[in-house]
Amino acid sequence: MSPHPISRLFSVALLFLVISGCAEKTDPRILSIRQKTVLTESPGESIPIKQAREASEKGEEFIISGKVGAHDLNQWWVDGYATFWITEAGQDQSNHGGPGHDPDTCPFCRRKYKETVAVIQSVDEKGNVIPIDAKTLFGLETGDLVTVKGKGEIDESGILNVKTSAIYIHPRQ
């Protein structure tokens, strides 16, 4: 005798509840922020960080891309905030001083380090940095490539700080 259709439906519903109950839940606040800030495609063509620094001095909005992390820093995350450092996309510091290294064109040897890094600050509607760690909020990892659109300012140490309300996280390869 085959099971009654209602008991089959009940079994499927019970199985769904058990399976979904075992999955790790993501905080609804994090999901809401991700929905508002994470883009499904790049916001446009990015410019070098050096040009973004110039645009920030004029109060202009710009788009930059970069790799999460900076080789010369011990910490590129700000614990408890959606703030992180990026290195200019295409600037691979891992070979700094290695084979093919040209000190005349190397931005680090020429002390232009500040022209190749930026601090990204994901902000809410009021312009306040979101008080959730970027790794948790966006699932970012060191080496991820991101593109952001925002406005920036140069801080007292000479580093470009970018406030953005939108971030595109490139697919990992």
_So, Glu45, is that one over 23 Å from Ile130 (Cβ atoms), part of a loop (DSSP other than H, G, I, E, B), touching a Lys or Arg at 6+ places or on another chain (Cβ under 8 Å) and in contact (Cβ under 8 Å) with a residue 12 or more places away in the chain or not?_
no
*Quick one: is Ser32 over 19 Å from Ile154 (Cβ atoms), modelled with pLDDT under 65, surrounded by fewer than 11 Cβ atoms within 10 Å (Cβ to Cβ) and of a type in the set (Ser, Thr, Tyr)?*
no
*asked:* Looking only at region 57-74, count every residue that is part of a helix (DSSP H, G or I) and modelled with pLDDT of 95 or more and tell me the total.
replied: 0
*On the given criteria, is Lys149 at pLDDT 95 or above and of a type in the set (Lys, Arg)?*
yes
_Residues satisfying the stated conditions in region 76-129, i.e. within 23 Å of the chain's Cα centre (by Cα), on the phi > 0 side of the Ramachandran plot and at pLDDT below 65_ = Gly90
*From Lys163, Lys135, residue being modelled with pLDDT of 95 or more, surrounded by 12 or more Cβ atoms within 10 Å (Cβ to Cβ), under 27 Å from Ile30 (Cβ atoms) and under 16 Å from the mean Cα position of the chain (by Cα)*: Lys163
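The values are calculated or read from the model by the stated rules, or taken from the named source; none is laboratory data. The model shown is predicted, which means the values in this text are computed figures rather than measured ones. In this analysis, Cβ positions are derived from the backbone assuming ideal geometry, glycine residues included, and neighbour counts consider all displayed protein chains.
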